[in-house]
Amino acid sequence: MEGLIFGAFGRPIEGEYVSGDAYLIREIESGWLIALADGLGHGAAAAEASEKALSIIDTYAGAHGSEVDLRDVLKLCHAGLACTRGAVIGLCHLNLKDKVWSSLIVGNIILRVLSDRRLNPVPAGGIVGHKLPKTVYVAEWPYCEGDTLILHTDGVREDYSMDFLVTEWGLTVQQAAERIIEQYGAKTDDATVIIGR
Ligand SMILES: [Mn+2]
């Protein structure tokens, strides 16, 4: 679909076999739905929360592929995660028909966009399943072919420069994702990154 390609890579904190992070990259009728969840803490209980979120989002995508409302997705996740540890979640929807990206983030999930325009998404604190922010902000910005989207959990340090990604674009998005985790993943946390370009 218009040449958009995704790469993703993640690994658990040192000493754990399962990651508490989980992601979904799903092609839907209107374009793409991307989700990244970081379950509170680490290990199996964290994975249970993040995987539950993804299964809710996947079911939603199956039923609402042509018309996605990120606030509705969040509400469903919040209700569904009440009996879990909870998770922080980042959602992105690329509407290829209208050529618009939109995103909604609760908690510490980091979104970066490499584009001609600057995007400054407003972060909102909270834990899906336990406490949502008073105001949930949905950021929207136009999509142009060639835009790059990077979504990662807080297990990836934020001090890597965008230039690194631009100058290393000989790499595939998958190779770039793996390299970001290798070079900037904190050993003290689960670390996951998604790149779409
Ligand atoms: Mn984390």
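Computed from the coordinates by the stated procedures, all read-outs in this text should not be read as laboratory data. These numbers come from a predicted model, not from an experiment. Positions of Cβ are backbone-derived with ideal geometry, glycine not excepted, and every protein chain shown enters the neighbour counts.
Some notes on this structure:
- Long-range Cα-Cα pairs in the stretch 25-70 (distance over 13 Å), rounded percent: 54
- Over the chain: helical MRE at 222 nm, DSSP H runs n ≥ 4 each giving -39500 (n - 2.57), nearest 500: -8000 deg cm²/dmol
- Ordered by the count of other Cβ atoms within 10 Å of each Cβ, fewest first, Tyr23, Tyr137, Tyr17 give Tyr17, Tyr137, Tyr23.
- Semi-axes of the equivalent ellipsoid for the stretch 39-155, Cα gyration tensor, largest first, Å: 24, 16, 13
- Under a Gaussian network description of the chain, with springs only between Cα atoms under 10 Å, the residue in Leu36, Leu151, Leu96 that fluctuates furthest is Leu96.
- Label point distance in nm, Asn108-Glu67, each placed 7 Å from Cα along Cα→Cβ: 3.8
- Fewest-first ranking of Val128, Val193, Val18, using other Cβ atoms within 10 Å as the exposure measure: Val18, Val193, Val128
- Full extension of the chain between Lys131 and Lys187 yields a length gain of 17.4 nm, computed as 0.36 nm times the residue separation minus the alpha carbon distance.
- Backbone geometry of the stretch 187-197 corresponds, through the Karplus equation with coefficients 6.51, -1.76 and 1.60 at θ = phi - 60°, to 3J(HN,Hα) couplings of 5, 8, 8, 4, 9, 9, 9, 10, 10, x, 8 Hz, x marking Gly and Pro.
- Total lysine pairs in the stretch 6-196 at Cα distances under 22 Å, for residues eight or more apart or on different chains: 4.
- For q = 0.15 Å⁻¹, Debye-computed log10 I/I(0) when each Cα of the chain counts as one equal scatterer: -0.86
- Taking amide hydrogens as placed 1.01 Å from N in the peptide plane, the amide H of Ser19 sits under 5 Å from that of no residue at least 5 positions away in sequence or on another chain.
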